[in-house]
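The block underneath contains the structure these notes are about, expressed in structure tokens.
The values are calculated or read from the model by the stated rules, or taken from the named source; none is laboratory data. This one's a predicted model, so the numbers in the text were calculated from it and none came from an experiment. Every residue, glycine among them, receives a Cβ derived from its backbone with ideal geometry; neighbour counts consider all protein chains shown. In case anyone asks, the SASA skips ligands and DNA or RNA and just uses the protein heavy atoms, side chains included. Shrake-Rupley method; radii C 1.70, N 1.55, O 1.52, S 1.80 Å.
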Amino acid sequence: MEKIDICELIKKGGIFYDVEGSTPEEVYKNVCNVVDLPEDLSGETLLKELVNREQLMSTAVGNGVAIPHPRPLLLTKPESQRIILCFSKKGLDMNAPDERLVTSLFILLTSSRQDHLEILSTLADLFQKVEVRRALEQQFPEKKLFAEIEKFQNK
């Protein structure tokens, strides 16, 4: 990827509001059942890998945010990369460093370690912005959410 565009990655993956589930596994299952994935990746495989990764160590980063991602790279083509953004209906206890419930989950699907790290870095920068955190906490509609992200990404 030349320049990471978080909004484009989220548009590919989709935004899911009010996802039911009282555990990360339940939320992942509900999302994996409806998300549009590349043809070479099944929802079952994604679910299994997300659960495996979460069992190793929590993907919660604080401020109500988690960045779940499968440990093995599940995609082979850079153009298939995406971020699936889901908002948990109830909030999840994911052992976050700040002990807050997680309501925003950015599920990363990447095809290379370099892109994976670059996306993580870009997201970490975005999560430092109060406006972006507020947009996530309030679960802004897609257009409004993208407007907030676009103000700060790649700056």
Exercise for the section: Starting from the Cα of Lys29, draw a straight line to each of the aspartates and glutamates and keep only those under 12 Å, dropping any in the same chain fewer than 8 residues away. Expected result: Glu20, Glu44, Glu49
Practice task
Work out which GluC sites (Glu not before Pro) in the chain are exposed loop sites (DSSP not H, G, I, E or B, at most 10 other Cβ within 10 Å) and give the longest gap free of them.
Solution key: 40-98
Fill in the blank from the handout: Listed by chain and number, the aspartates and glutamates with an alpha carbon less than 18 angstrom from that of Lys143, same-chain partners under 8 positions apart left out, are Asp5, Glu8, Asp18, Glu131
Completion exercise
Filtered hits (lysines, Cα-Cα < 20 Å from Lys77, offset >= 8 within chain) -> Lys3, Lys11, Lys12
Practice task
State the extension gain, in nm to one decimal, for the chain segment bounded by Glu142 and Gln55, taking 0.36 nm per residue of separation less the distance between their alpha-carbons.
Solution key: 28.3 nm
Completion exercise
Once all protein chains are kept in place, Thr23 shows an accessible area at probe 1.4 Å, nearest 10 Å², of 50 Å²
Exercise for the section: Would you kindly work out the equivalent ellipsoid of the chain from its C-alpha gyration tensor and give its semi-axes, the square roots of five times the eigenvalues, largest first in whole Å? Expected result: 20, 19, 14
Completion exercise
Whole-number value, in Å³ per residue, for the convex hull of the alpha carbons of the stretch 1-74 is 123 Å³
